[in-house]
1. Does ALA101 meet the test of being over 14 Å from the mean Cα position of the chain (by Cα), among the aliphatic types (A, V, I, L, M), modelled with pLDDT of 85 or more and loosely packed, with under 12 Cβ neighbours inside 10 Å?
2. Within the range 116-139, how many residues are buried (at least 18 other Cβ atoms within 10 Å of the Cβ) and assigned to a helix (DSSP H, G or I)?
3. I want to confirm something. Restricting to the range 140-151 and keeping residues that are closer than 14 Å to THR37 by Cα and not basic (Lys, Arg), which single residue is surrounded by the fewest Cβ atoms within 10 Å (Cβ to Cβ)?
4. Considering GLY33, GLY74, which residue is under 17 Å from the mean Cα position of the chain (by Cα) and either closer than 30 Å to VAL12 by Cα or not in a helix (DSSP H, G or I) (or both)?
5. Sort out which residues of the range 36-45 are modelled with pLDDT under 85 and either of a type in the set (A, V, I, L, M) or more than 18 Å from the chain's Cα centre (by Cα) (or both), and write them in order of number.
6. I'd like the full set of residues that are of a type in the set (Val, Ile, Thr) and under 14 Å from GLU31 (Cβ atoms), limited to the range 93-148.
7. Could you tell me which of the residues ALA83, ALA112 is aliphatic (A, V, I, L, M), loosely packed, with under 15 Cβ neighbours inside 10 Å, at pLDDT 85 or above and part of a helix (DSSP H, G or I)?
Amino acid sequence: MKKLLKVLSGIVTWIKNLFAELPADLKKAVELGVIVTENLKLLIDSPVADVATALIPGNADDKVKDWLRANLPGILVKLKLIAAFNVHEPFEQIILRASKAIQDLDTDAKSAFLHNLAILIAKARADGKLTWSDGVYLLEWVYQERKKQAA
C-alpha cells in the first residue's frame, strides 16, 4: 500500500509541476473549463433566473464571455446534450435545455458529461494547444485544487 501511495504522490507532483510550467493561455483555458462546468453543475442543482451570469465566470473578460456565448452551444451539440440550436435562440435557452438533459442523467453519466464538457471547453479555448489526454489530468488536478481551496 505504501508503494501505491508513493506512486500516486509522484503522479500528483508531476501533474502539479506540469501545470506550473504551462503557458498562461493554456492555464486559463484549463481553469475556464473547470469553472464553467462547476457553474453549470450549480445551475443544474439550483436553477437561477440569469443563466449567463451564473454560468460565465464573473471575472472573465468580455472576450472570454463572447467566446463562450459563440462556442458553448456547439460544444453542447458535440456532446449530444442538445440535438441542435438555432443561431437566433437565446443563449440562456440553449444552456437551460442542456442543463435539463444533464439533470435527467444518473449520477455517473452526469459526472462523465460534465468532465467531458470541461475538457472540450479547455481544448477549444486553447486553440489546439491542448490534447485530450493532457486535458483529462490537468482539469482533474485543477478541479481537486479548487476543491481543497474551497474546504
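The values are calculated or read from the model by the stated rules, or taken from the named source; none is laboratory data. On a predicted model such as this, the values are computed, not experimentally measured, just so you know. Here the Cβ is made from the backbone with ideal geometry for all residues, glycine too, and neighbour counts use every protein chain on show.
1. Details: over 14 Å from the mean Cα position of the chain (by Cα): yes; among the aliphatic types (A, V, I, L, M): yes; modelled with pLDDT of 85 or more: yes; loosely packed, with under 12 Cβ neighbours inside 10 Å: no.
Spelling it out, it is not the case that ALA101 is over 14 Å from the mean Cα position of the chain (by Cα), among the aliphatic types (A, V, I, L, M), modelled with pLDDT of 85 or more and loosely packed, with under 12 Cβ neighbours inside 10 Å.
2. 14
3. Step one: filter the range 140-151 for residues closer than 14 Å to THR37 by Cα, giving 140, 142-144, 146-147.
Restricting the remaining residues to those that are not basic (Lys, Arg) gives 140, 142-144.
Numbers: GLU140: 15, VAL142: 21, TYR143: 20, GLN144: 13.
Per the stated criteria, the residue is GLN144.
4. Values: GLY74 fails: either closer than 30 Å to VAL12 by Cα or not in a helix (DSSP H, G or I) (or both).
So the residue among GLY33, GLY74 that is under 17 Å from the mean Cα position of the chain (by Cα) and either closer than 30 Å to VAL12 by Cα or not in a helix (DSSP H, G or I) (or both) is GLY33.
5. LEU40, LEU42, LEU43, ILE44, listed by residue number.
6. Taking the range 93-148 first, the residues of a type in the set (Val, Ile, Thr) are 94-95, 102, 107, 119, 121, 131, 136, 142.
Listed by number, the residues that qualify are ILE119, ILE121, VAL142.
7. Working: ALA83 fails: part of a helix (DSSP H, G or I).
After ruling out the rest, the residue left standing is ALA112.
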